[in-house]
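Structure first, then comments.
The values are calculated or read from the model by the stated rules, or taken from the named source; none is laboratory data. What you see is a predicted model, and the numbers here were worked out from it, not measured in a lab. FYI the Cβ positions are ideal-geometry reconstructions off the backbone, even for glycines, and counts take in every protein chain you see.
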Amino acid sequence: MDPHVLREDIPALDDVVYLNTGASGPSPRRVVEAAEDALEHHAFDSPGAEGPYPYAFELFEETRETVADFLGTDASHVALTQSTADGVNRVASAVDWEPGDVVVNTDLEHPAGTLPWRRLADVHDLELRTVPTEDGRVDRDAYADAVADARLVCFSAITWTHGTHLPVEDLVAEAHDAGAEVLVDAVQSPGQRPMPVESWGADFVAAAGHKWLLGPWGAGFLYVDPDAVESLEPVQLGYMGAEEAEDESYAFAEGAKRLEIGTTSPAPYAGLQEAIATVERVGLDTIQSRVERLTDRLKDGLGDRLVSPAAYESGLVTFEADDPEGLVERLKEEHGVVVRDLPTGNVRASLHVFNTAEDVDVLLDALDEC
C-alpha cells in the first residue's frame, strides 16, 4: 500500500497536521470499520448464530495468531491485554516476590513502566533502583552495577523522551548474565521498527496497537518467553487464564494465556488485526525509510533546538522550548499542528509514514512564528 493511500484513509488528517503518533495514532477507516463490524456481529448476529462466546473466542485466537506472526513467535507465547501498562501489571502481579527483591528501571521510563513497581515496592517491600541516562543513553557502568543482584529489569526499547533506540539484546543479555529477568516496554516499536522478540531474548515484552500500528485503544499484547511462563502464578485469575476450574481445584492455562483474565470486547482485537495487516501492506522497510527522511528534514530545520539524536533512530523527535505547554497549545490553536509536551520540559513531534514533507515544513514555519 502506498503511504498516500493510507493517508487518504485517515479522517483525522483532514483538519490538522498530526504529529503525535507517539502518544496515539490516528486510525484508518478500515481499522475502525473492522472493529465496528466485529462489535455489530457480536451484539446483533452471534446471539442467534454461533453464540457470543464462540465468536469472541475464535476472534481472540485469530488475534493471538496474527500478533504472533507479526512478532515472529508462536501464538502460545502471546497474551492479549488492554494496554502496555496492563501487560506490565499482569507480569508484576504474577511474580512470586520476596521482601528485598530488586527491580531496576532507567530514568527514561514512561509511568506505565514505573508505577507498577512503585506500588509493588510498597506491597512487597521491594528495592527499586533507577539507572541514570544522558541524552537518551543508558549509563552502562551504572546499569551493570544496578542489575548485579536484581530480580527483574524493566526498560523501554525506544525511549519516549528522546526517541533513542536502546541496545535491547545487549541489555537483556547483561541482565540475564546477572541472574535477572527482563521486561521490555516496546510500545513505541510495533508499526515503525522491527520487533524481534525472540532474538531480543527478553522474558517479557509488553506493547499495544494504538500508537504506530494505528489501531484502536484497548488492544494490547504481551509476549512471554516459554522458559519464563511456568514461574508465573497470576494473583488475578479468571476463566480465560484457567485450564481447569471445577469444584475447588483449578490449573493455570498453558503458555502466556494464563495471564488473560475474563470477558472483554472483541472489537478492539478485530481492529488490531486490521491495523497489523495495514502496516504489513505498507511494509516496515517503506515506513522506516520514509520516517528517516522526514525526521532528517525536521532535525535539520530545528538546528540547536534539537534534543533527540541527529541521526535517525525512530520517528520521535524531541526539541527544546521555553514554554512547552504554551507552545503546544499555540501550535494547535493557531497553526493546526498537533504535537505534545513532555515532563522533561521539552516538546515532542512524532512522524509516521502517513506524514509528508509539507507537514514538517508547516511545523517548522509555525515554530518560527511562535
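Worth pointing out:
- From the list 130, 106, the one residue that fits, being more than 25 Å from residue 215 (Cβ to Cβ), surrounded by fewer than 18 Cβ atoms within 10 Å (Cβ to Cβ) and either modelled with pLDDT of 95 or more or of a type in the set (Lys, Arg) (or both), is 130.
- Some residue of region 311-320 being assigned to a loop (DSSP other than H, G, I, E, B) and buried (at least 23 other Cβ atoms within 10 Å of the Cβ): yes
- A single member of 114, 81, 66 is closer than 25 Å to residue 252 by Cα, among the polar types (S, T, N, Q) and in contact with a strand residue (DSSP E or B) (Cβ under 7 Å, 6 or more places away or on another chain), and it is 81.
- Filtered residue count, region 145-162, keeping only those that are more than 24 Å from residue 94 (Cβ to Cβ) and either surrounded by 19 or more Cβ atoms within 10 Å (Cβ to Cβ) or of a type in the set (Ser, Thr, Tyr) (or both): 5
- Taking the conditions (1) more than 30 Å from residue 297 (Cα to Cα); (2) touching a Phe, Trp or Tyr at 6+ places or on another chain (Cβ under 9 Å); (3) surrounded by 14 or more Cβ atoms within 10 Å (Cβ to Cβ) in turn, residue 34 satisfies each one other than (2).
- Consider region 329-366 and keep the residues that are crowded, with 21+ Cβ neighbours inside 10 Å and either without any contact (Cβ under 8 Å) to a residue 60 or more places away in the chain or not assigned by TED's automatic domain parsing to the domain that holds residue 22 (or both). The one that is farthest from residue 313 (Cα to Cα) is 331.
- Evaluating residue 165 against the criteria (1) crowded, with 22+ Cβ neighbours inside 10 Å; (2) modelled with pLDDT of 95 or more; (3) closer than 24 Å to residue 319 by Cβ leaves one unmet condition, (1).
- Each residue in region 171-186 was checked for being crowded, with 24+ Cβ neighbours inside 10 Å and touching a Phe, Trp or Tyr at 6+ places or on another chain (Cβ under 8 Å), and 5 of them qualify.
- Subset of region 21-41 (residues that are out of contact with any Leu (no Cβ under 8 Å at 6 or more places or on another chain) and farther than 30 Å from residue 315 by Cα): 37, 39, 40, 41
- When 40, 50 are checked against the criterion of being over 20 Å from the mean Cα position of the chain (by Cα), assigned by TED's automatic domain parsing to the domain that holds residue 163 and in a helix (DSSP H, G or I), a single residue qualifies: 40.
- Of all residues in region 100-134 being in a loop (DSSP other than H, G, I, E, B) and over 24 Å from residue 82 (Cα atoms), the one that is nearest to the chain's Cα centre (by Cα): 107
- Scanning region 342-368 for residues that are touching a strand residue (DSSP E or B) at 6+ places or on another chain (Cβ under 9 Å) and either small (Gly, Ala, Ser) or assigned to a helix (DSSP H, G or I) (or both) gives 345, 349, 350, 358, 359, 360, 362, 363, 366, 367.
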